[in-house]
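Here the structure is laid out as structure tokens; the discussion comes afterwards.
The values are calculated or read from the model by the stated rules, or taken from the named source; none is laboratory data. Because the structure is predicted, anything quoted here is derived from the model rather than measured. For neighbour counting, all protein chains shown are included, and Cβ atoms are generated from backbone atoms with ideal geometry for every residue, glycine included.
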Amino acid sequence: MKQNYSVVIPDHINQQLLYHLMREDGDEEVCFALYNPGAGLLRFTAIIDEVILPEEGDRQVHGNVSFNPEYYERVLQEARKKQKGLVLLHIHPSPGFQKMSNDDVKAETRMAGAVKSVTGLPFLGLTAGNDGTWSARFWFRAKTKRKQYKRQWCESVRVLGNKLKIHFNNDLRKPNINEEALLRTISAWGRKTQEDISRMKICIVGLGSVGSMVAECLARTGFADFTLIDFDLFEEKNRDRSMNVKKKHVGKRKVDVIAQAMKENGTAQRITVKKYPFSIYKEEAFKAALDCDVIFSCVDRPHPRQILNLIAYAYMIPVVDGGILVRTNKTNTKLVGADWKIQTVGYERPCLECLEQFTSTLANLDKEGKLDDPKYMEGADESIRRLVSNENVFAFSMNVASLEVLQLLSLIVLPEYLAKTNQQFYHFTTREFEKEPKSECNDNCFYKAMTGLGDNTAVIMYEQIGHEEEV
């Protein structure tokens, strides 16, 4: 499959950049920034990490703008020292996606070789329209001529804050909507929002009860590009709480069954589904998740949650997570209680560990296989035994799946001041629906410290293993 490229900008950096670049006199402006790389299976992403504004005398503004060699050399050496990529950013006096002028091409082409030589990473150029729309491109050495560099446009630039705003390159990510099938959906939020929905890349990790329902809901809402990750097969015992699973599907891979259902029931013009029958802690599945704009965590174990928690912060990909806890009497003959929590984690939101959705200790026990060891579990306390309990009901999963999808929709359709949905907590037995007050991570949170570092985290949580061991 073809390699593609993207950029993600944290909202506070986006505001800093636009404040500098949008001059009151309307002249062009320029600055440099640094990025951390994030290499997925099929997408290379630059995570903008630090802005280096020009100092006095660093550039000349004269309608157009130019910068002095000393400014360029200073930021280039800063990129080398910090082992980060280099970004040149400027603005054009017109709205929307911006192409490049001849002067833009000459300036970036001249820098591409030196930047690659000094930093080891491709040079990145970004242009803002005067309405804040971004376009971006990487520069790579041409295969035919050693000293020439070729431009590769990015398919998207994502700005992540309370909202997730994605600036798409229309030449690379075309809208993919079926207006007749989506008439009522489009009427809820408009064609432009539906076009953006159709171009987003969604990953679903875990295709059991909640995951299968999330997949169905998203496909019917007009999302069109999916990555499915689950190592397991459907069993007869899964049928009472999974969507689109029939008798004939018992013994089939979950990714295959759900992918087929999404293609049959989806409402976009074309449904694309990439299938990875592996656990998220295997390298191929981990990197496939990095190719996506949003990840749904539909897992019920601490180790996968720990990995997805890292991705949410280090690679700045929002993770929508939910979990159900059903409590019964000792003989499993009477319902005592059922509760579920739903949360979106990532940039400027509290993480799953700080929200007490897993602990590092339990994640390590899970990784070591202790939670599947009957002898270990026999002596474990009640809180640990609950982790591997299987009690669930279709209606419970359906509510969790719906709330998870609503968390995503809040990210992309609500106004900025409403988009940051807090953790939601529902008690079935008392029918109470509350929001948890926690709004940020603990002061010493490991994952918060990893925000935006991408591959430079130097933390590897995945395992490299041959595919045959996962089948």
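Look through the stretch 5-17, keep the residues that are in contact with a Gly (Cβ under 8 Å, 6 or more places away or on another chain) and in a helix (DSSP H, G or I), and return whichever of them is surrounded by the most Cβ atoms within 10 Å (Cβ to Cβ).
Among those that are in contact with a Gly (Cβ under 8 Å, 6 or more places away or on another chain) and in a helix (DSSP H, G or I), it is N14.
Tell me the residue from S198, S187, S156, S212 that is hydroxyl-bearing (S, T, Y) and without any contact (Cβ under 8 Å) to a residue 40 or more places away in the chain, please.
Among S198, S187, S156, S212, only S187 is hydroxyl-bearing (S, T, Y) and without any contact (Cβ under 8 Å) to a residue 40 or more places away in the chain.
Yes or no, residue by residue, for (1) in contact with a His (Cβ under 9 Å, 6 or more places away or on another chain); (2) assigned to a loop (DSSP other than H, G, I, E, B); (3) among the polar types (S, T, N, Q); (4) closer than 27 Å to A46 by Cβ:
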position: Q407; (1), (2), (3), (4): no, no, yes, yes
position: E440; (1), (2), (3), (4): no, yes, no, yes
position: D443; (1), (2), (3), (4): no, yes, no, no
position: G452; (1), (2), (3), (4): no, yes, no, yes
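Does the stretch 24-37 contain any residue that is in a strand (DSSP E or B), of a type in the set (S, T, N, Q) and under 14 Å from the mean Cα position of the chain (by Cα)?
No, the stretch 24-37 has no match at all.
Could you tell me whether V87 is touching a His at 6+ places or on another chain (Cβ under 8 Å), in a strand (DSSP E or B), aliphatic (A, V, I, L, M) and assigned by TED's automatic domain parsing to the domain that holds L18?
No; evaluated as a whole, the condition is false for this residue.
All but one of (1) surrounded by 17 or more Cβ atoms within 10 Å (Cβ to Cβ); (2) farther than 30 Å from G251 by Cβ hold for A181; state the number of the condition that does not hold.
A181 satisfies all of (1) surrounded by 17 or more Cβ atoms within 10 Å (Cβ to Cβ); (2) farther than 30 Å from G251 by Cβ except (1).
If K2 meets every condition in (1) assigned to a helix (DSSP H, G or I); (2) of a type in the set (K, R); (3) out of contact with any Pro (no Cβ under 9 Å at 6 or more places or on another chain) apart from one, which number is that one?
The failed condition is (1).
State all residues of the stretch 348-361 that are surrounded by 20 or more Cβ atoms within 10 Å (Cβ to Cβ) and either of a type in the set (S, T, N, Q) or farther than 30 Å from H12 by Cβ (or both); if no residue qualifies, say none.
Once the filter is applied, which keeps residues that are surrounded by 20 or more Cβ atoms within 10 Å (Cβ to Cβ) and either of a type in the set (S, T, N, Q) or farther than 30 Å from H12 by Cβ (or both), the stretch 348-361 yields only Q357.
Do we find a residue being under 22 Å from the mean Cα position of the chain (by Cα), assigned to a loop (DSSP other than H, G, I, E, B) and over 26 Å from F396 (Cα atoms) anywhere in the stretch 194-208?
Initial filter on the stretch 194-208 (under 22 Å from the mean Cα position of the chain (by Cα)): 194-208.
Pick out the ones that are also assigned to a loop (DSSP other than H, G, I, E, B) and you get 200, 206-208.
The next check asks that each one be over 26 Å from F396 (Cα atoms); those that pass are 200.
The answer is yes, given that some residue of the stretch 194-208 is under 22 Å from the mean Cα position of the chain (by Cα), assigned to a loop (DSSP other than H, G, I, E, B) and over 26 Å from F396 (Cα atoms).
Any idea which residue in the stretch 115-132 is surrounded by the most Cβ atoms within 10 Å (Cβ to Cβ), counting only those that are out of contact with any Lys or Arg (no Cβ under 9 Å at 6 or more places or on another chain) and assigned to a helix (DSSP H, G or I)?
Ranking the candidates gives V115 first.
Spot the failing condition for K192; the list is (1) under 30 Å from G26 (Cα atoms); (2) in contact (Cβ under 8 Å) with a residue 24 or more places away in the chain, and only one is missed.
(2)
Restricted to the stretch 372-382, and to residues that are modelled with pLDDT under 75 and touching a Leu at 6+ places or on another chain (Cβ under 9 Å), which residue is nearest to E356 (Cα to Cα)?
Ranking the candidates gives A380 first.
Conditions first: (1) hydrophobic (A, V, I, L, M, F, W, C); (2) more than 30 Å from the chain's Cα centre (by Cα); (3) in a loop (DSSP other than H, G, I, E, B). F97 passes all but one, so which condition is the exception?
Looking at each condition in turn, F97 falls short on (2).
Quick one: would you say S135 is small (G, A, S) and part of a helix (DSSP H, G or I)?
no
Looking at D225, is it buried (at least 20 other Cβ atoms within 10 Å of the Cβ), out of contact with any Ser or Thr (no Cβ under 8 Å at 6 or more places or on another chain) and within 30 Å of P175 (Cβ to Cβ)?
No.
Would you mind finding the one in G190, G206 that is modelled with pLDDT of 95 or more, out of contact with any Gly (no Cβ under 6 Å at 6 or more places or on another chain) and surrounded by fewer than 20 Cβ atoms within 10 Å (Cβ to Cβ)? Step through it out loud before you land on a result.
Numbers: G206 fails: surrounded by fewer than 20 Cβ atoms within 10 Å (Cβ to Cβ).
Going through G190, G206 in turn, the sole match is G190.
Across the stretch 409-438, which residue is nearest to the chain's Cα centre (by Cα) among those that are β-branched (V, I, T) and part of a helix (DSSP H, G or I)?
I412
For the stretch 304-347, give me each residue that is surrounded by fewer than 19 Cβ atoms within 10 Å (Cβ to Cβ) and closer than 30 Å to V7 by Cα.
Selection gives nothing.
Does V65 satisfy the criteria of being of a type in the set (V, I, T), assigned to a strand (DSSP E or B) and closer than 26 Å to E155 by Cα? Before you say what the answer is, go through the steps one by one.
On the way: of a type in the set (V, I, T): yes; assigned to a strand (DSSP E or B): yes; closer than 26 Å to E155 by Cα: no.
No; evaluated as a whole, the condition is false for this residue.
Between residues in the stretch 417-436 that are within 29 Å of L164 (Cα to Cα) and among the small types (G, A, S) and residues that are modelled with pLDDT of 90 or more and loosely packed, with under 10 Cβ neighbours inside 10 Å, which pairs lie under 9 Å by C-beta distance while being six or more apart or on different chains?
none
Pairs please, first residue from the stretch 454-465 and within 18 Å of K84 (Cα to Cα), second anywhere and surrounded by fewer than 16 Cβ atoms within 10 Å (Cβ to Cβ), Cβ atoms under 8 Å, 6+ apart in sequence or on different chains.
Final answer for the pair search is D455/A39; N456/Q83.
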